[in-house]
Amino acid sequence: MKRTILLITGAIIIIAACAIFTITGGPETVIVNPEFDNTNVDYISLHKIERTDTATILYADVYHLPNYWIYLSSSGKLRDSKGKTYKLLDCKGFELDKEVYMPASGSMSLVLYFEPVDKTEKVVDYIDMDENNEVITDIKLYNVKHNEPVRCLLKGEVIDRPQSSRMALLKQGEDFRAAKVTCIPIHDGKFEYMLYANFEEAYQLIFYDEIMKSSWRPVDFIAESGTCRFILHNGGIHGGSNEWEKNSVHGGKYTETYLAIIDSLRKEMEPFEKELDAKLSKLYEEKKYYTPEANNLIEQAEKASDNDPKRTALWERFYKMENVGTSKTQETKDLENELAQIYRTMYVDKLTEYAKEHADITGYTFLVENIRSAMGHNHDQLDVTSLFAVFHDTYEKKYPNHPYTSLIKNHMQANAVAIGNPCPDITAEDNEGNEVNVSELIKGKVALIHLWASWCGTCRRHGKEMIPIYETYKDKGFTVVGIAREQTKESMLNALDKDNYPWINLLELNDKNGIWTKFGVGNAGGGEFLVDAQGNFLAVGTSPEEIE
């Protein structure tokens, strides 16, 4: 009888334990397409994890351009939530501690064997122990159960692109250097991915090999429940056939409407664009596109070697001319203004009219695109105030919780970034993950808000140039707050170890607080913003010399 009770009790305990593991999502022995939180590694993608008594096994693909090399260290490791580390035991399919050149496909498959992770652990970080401290954080050791209302199956066929082995998936308008980018592998000319989302909104697919060459054409679509099918051809950006116009994308009602309208307007604009582009190209060939001073800076910079500090200084002088509008000849400006006017009347105005008449996700997407354009390179040609009015009148109340709504409100704050106006109230994480209110840190002081990123060389150089200025004035009512725009905390910490900024530095992870958008530098690595003791802007986008 006693033994029977013990057996029943033991069975109840086992059932309860299994129920707990089922509810919490772990542990599981095989995890397919494991999800993670953040990464600063763009050359490795995990597609399966196995957990055994003797090893934690990661199945992965590595990527680079054909004939470029990748290096993986034998001192790589896994790190659990308690900080315990697990050594790399073996690797199959890839030679460690060596520059391994990629084949024509641009990808290789490998298997990494680590010491067995504690069975109670539900997340680990992967760390490749090289000098860049590259990591994939919070890899889920369980198959995530999704309850997002939008489930969009992406199914694609890739034609005549042997150099392309994966796609990058991100939201439309996001900066891949800071956002969380999903990697979708291409196998035998096909790809498939289930996109889970909380809202219907615009996304982009980009061939990763084009990103690595810093020139790409995105494939736009709107995520909505159902299947979105892609047939994608070689875009001809980096040689090869140019059959981009043969691309086809078919999805739900929002995607179909969005793409049909865009295609119609592009065809209407095409003859005007070709005519003006030809005139601008002729000016460029005749060295009449830029002013003589700007042309001289370009020629000197291109002659200098990559490691010559004069090269960077020359390009910065050129970019400064670009920013203040003195780099181009009047003839160039006139042609560009003519093109901008055509763009506005034949494209922007019509999309805005559609957004006014159709208060749905397609219309909202067009409105967001126009606002983003108005806040960017077309700021002088587009009336962003009228676009904000459409937002207030048509969309703000209908979609109060949609990501577009918070994005537009961030752009509205950026529109007020000017000398004499209040600095936006922002928060960012400290090293422990706590949210810090920047206004509390700078209250009553003249402060420089230094937006930077580990991948932005100019931002980091400006930061180092600020150190002596900070040391001179830090006891006289001046302070600096740095905020790093990163994909992982490790990227920021690694840069700080090298640059040794003496002031507090906070973290903007994956643009989650929209800080760069609020300051009007969404497409940049960073910028400098000087604020007075009352919290108003003294200077915007200024240099360390001007700050002093």
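Quick look at the numbers
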read-out	value
Y284 open to solvent by 90 Å² or more (accessible area, probe 1.4 Å) and part of a helix (DSSP H, G or I)	yes
Qualifying strands (runs of 3 or more DSSP E) (wholly inside region 49-110; at least 2 residues being of a type in the set (F, W, Y))	56-63
Within region 453-473, tally of residues that are in contact with a Cys (Cβ under 8 Å, 6 or more places away or on another chain) and either acidic (D, E) or in a strand (DSSP E or B) (or both)	0
Filtered residues of region 474-492 (kept if free of Cβ contacts under 8 Å to residues at least 40 places away in the same chain, open to solvent by 50 Å² or more (accessible area, probe 1.4 Å) and assigned to a helix (DSSP H, G or I))	none
Residues of region 506-548 that turn out to be assigned to a loop (DSSP other than H, G, I, E, B) and under 27 Å from the mean Cα position of the chain (by Cα), as a count	16
Tally of residues being charged (D, E, K, R), under 25 Å from S454 (Cα atoms) and not in a strand (DSSP E or B) across region 150-177	3
Single residue of region 395-430 satisfying the filter (charged (D, E, K, R) and closer than 30 Å to A202 by Cα) that is surrounded by the most Cβ atoms within 10 Å (Cβ to Cβ)	E429
Complete set of residues in region 431-452 that are touching a residue at least 60 places away in the same chain (Cβ under 8 Å), outside any strand (DSSP E or B) and open to solvent by 30 Å² or more (accessible area, probe 1.4 Å)	N431, S439, L441, K443, G444, K445
Which listed residue is closer than 20 Å to I222 by Cα and of a type in the set (G, A, S), from A197, A178	A197
Residue identified as farther than 27 Å from A355 by Cβ and more than 26 Å from the chain's Cα centre (by Cα) among L314, L232, L265	L314
Pick from region 185-201, criterion touching a Lys or Arg at 6+ places or on another chain (Cβ under 7 Å) and at pLDDT 95 or above, ranking: surrounded by the most Cβ atoms within 10 Å (Cβ to Cβ)	E201
Selected residue (only one of K282, K288 is in contact with a Ser or Thr (Cβ under 7 Å, 6 or more places away or on another chain), under 25 Å from E336 (Cβ atoms) and not hydroxyl-bearing (S, T, Y))	K288
Looking only at region 241-258, and only at residues there that are farther than 15 Å from L154 by Cβ and assigned to a loop (DSSP other than H, G, I, E, B), the one that is modelled with the lowest pLDDT	S241
Cross-chain or 6+ apart pairs with Cβ under 6 Å, region 335-359 first and in contact (Cβ under 8 Å) with a residue 12 or more places away in the chain, then open to solvent by 40 Å² or more (accessible area, probe 1.4 Å) and among the aromatic types (F, W, Y)	I342/F272
Residues of region 89-147 that turn out to be crowded, with 18+ Cβ neighbours inside 10 Å and among the small types (G, A, S), as a count	2
Hey, A389 part of a helix (DSSP H, G or I) and of a type in the set (G, A, S) or not	yes
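The values are calculated or read from the model by the stated rules, or taken from the named source; none is laboratory data. Note that the structure is predicted; figures quoted are calculated from it, not measured. Every residue, glycine among them, receives a Cβ derived from its backbone with ideal geometry; neighbour counts consider all protein chains shown. To get the accessible areas, we keep the full protein, side chains included, count just its heavy atoms, and leave off ligands, DNA and RNA. Shrake-Rupley method; radii C 1.70, N 1.55, O 1.52, S 1.80 Å.
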